[in-house]
Amino acid sequence: DSGVTQTPKHLITATGQRVTLRCSPRSGDLSVYWYQQSLDQGLQFLIQYYNGEERAKGNILERFSAQQFPDLHSELNLSSLELGDSALYFCASSVGMEGEKLFFGSGTQLSVL
Amino acid sequence: GESVGLHLPTLSVQEGDNSIINCAYSNSASDYFIWYKQESGKGPQFIIDIRSNMDKRQGQRVTVLLNKTVKHLSLQIAATQPGDSAVYFCAENSPNQAGTALIFGKGTTLSVSS
């Protein structure tokens, strides 16, 4: 158990809908990262927050947004969902800003039908 | 032991063999590198890491080698066991204009037969 908690584990929704994925980092970790994993693209970095502020941005679509709250948990919002958004979404956390190992949650499997 | 060329997606070995998984990284400014293991249905798990001021680091049954000249990283697993079967990812701490992030490679699936 990495100490990173993601909910829900599975999510099934329809095209055009909006969903929210939730992540609680390990106790004491200030950074939260979101990654998308699909079969053909591997692990794609989406976005990082450090202590409530956006720290780094990857290939995150404009339809996606995230935030980190004062209690350090984070939410990833996915809107106007398309079939191609079906993937495994991972949250990870670390103590500092960069250059250290990340601890991953067990992921949320999103299926868009 | 057997090794896999860069970007090859699969490696099959016999139990007890040594395995070598290779990885090319893209950013010469990357200063930290890490290997993860991902088992089916689980999130990636940390194996070993190395900073750019080193060229070799050893853990329990694993060794990471870093060649900055050719931007190459490898993971060596000694006496491979069936429990080592998983997908292995290398990642680099890569700075760019949008910030610094841990960027993952495509992954190599290691299959260990007994």
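The values are calculated or read from the model by the stated rules, or taken from the named source; none is laboratory data. Bear in mind the structure is a predicted one, so any value in this text is a computation, not a measurement. Note: ideal-geometry Cβ built from the backbone for every residue, glycine included; neighbour counts use all protein chains shown. Accessible surface is based on the protein model in full, side chains and every heavy atom, while ligands, DNA and RNA are left aside. Shrake-Rupley method; radii C 1.70, N 1.55, O 1.52, S 1.80 Å.
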Give me the residue from the range B:102-114 that is away from chain A (no Cβ under 14 Å) and not aliphatic (A, V, I, L, M) and, out of that set, surrounded by the fewest Cβ atoms within 10 Å (Cβ to Cβ).
B:Ser114
Counting only residues that are more than 15 Å from B:Tyr36 (Cβ to Cβ), assigned to a strand (DSSP E or B) and either β-branched (Val, Ile, Thr) or open to solvent by less than 60 Å² (accessible area, probe 1.4 Å) (or both), the range B:77-101 contains a total of 4
Exactly one of these conditions fails for B:Ile21: (1) among the β-branched types (Val, Ile, Thr); (2) within 11 Å of another protein chain (Cβ to nearest Cβ); (3) touching a residue at least 60 places away in the same chain (Cβ under 8 Å). Give me its number.
(2)
Any chance you could count how many residues in the range A:63-88 are open to solvent by 20 Å² or more (accessible area, probe 1.4 Å) and within 14 Å of chain B (Cβ to nearest Cβ)?
1
Over the range A:62-83, the set of residues within 17 Å of A:Leu110 (Cα to Cα) and free of Cβ contacts under 8 Å to residues at least 24 places away in the same chain is A:Arg63, A:Phe64, A:Ser65
When the residues of the range B:56-86 are narrowed to those that are of a type in the set (Val, Ile, Thr) and modelled with pLDDT of 95 or more, which ends up nearest to B:Ile20 (Cα to Cα)?
B:Ile77
Scanning the range A:89-101 for residues that are under 13 Å from the mean Cα position of the chain (by Cα) and facing another protein chain (nearest Cβ under 9 Å), the one surrounded by the fewest Cβ atoms within 10 Å (Cβ to Cβ) turns out to be A:Phe90
For B:Arg61, indicate whether it is farther than 25 Å from A:Cys91 by Cβ, in contact with a helix residue (DSSP H, G or I) (Cβ under 9 Å, 6 or more places away or on another chain) and open to solvent by 50 Å² or more (accessible area, probe 1.4 Å).
yes
Of the listed residues (A:Thr20, A:Thr13), the one being at pLDDT 95 or above, of a type outside the set (Asp, Glu) and open to solvent by 40 Å² or more (accessible area, probe 1.4 Å) is A:Thr20
Of all the strands (runs of 3 or more DSSP E) wholly in the range A:33-113, which have at least 2 residues that are within 13 Å of B:Leu102 (Cα to Cα)?
A:42-50, A:53-57, A:87-94
Criterion violated by B:Ile47 - all others in (1) under 14 Å from the mean Cα position of the chain (by Cα); (2) under 27 Å from A:Gly99 (Cβ atoms); (3) open to solvent by 50 Å² or more (accessible area, probe 1.4 Å) satisfied:
(3)
Of the residues in the range A:26-44 that are at the interface with chain B (Cβ under 10 Å from one of its Cβ atoms) and closer than 14 Å to A:Ser93 by Cβ, the one that is surrounded by the most Cβ atoms within 10 Å (Cβ to Cβ) is A:Tyr33
Taking the range B:58-85 and keeping residues within 14 Å of another protein chain (Cβ to nearest Cβ) and over 21 Å from B:Tyr25 (Cα atoms) leaves B:Gly59
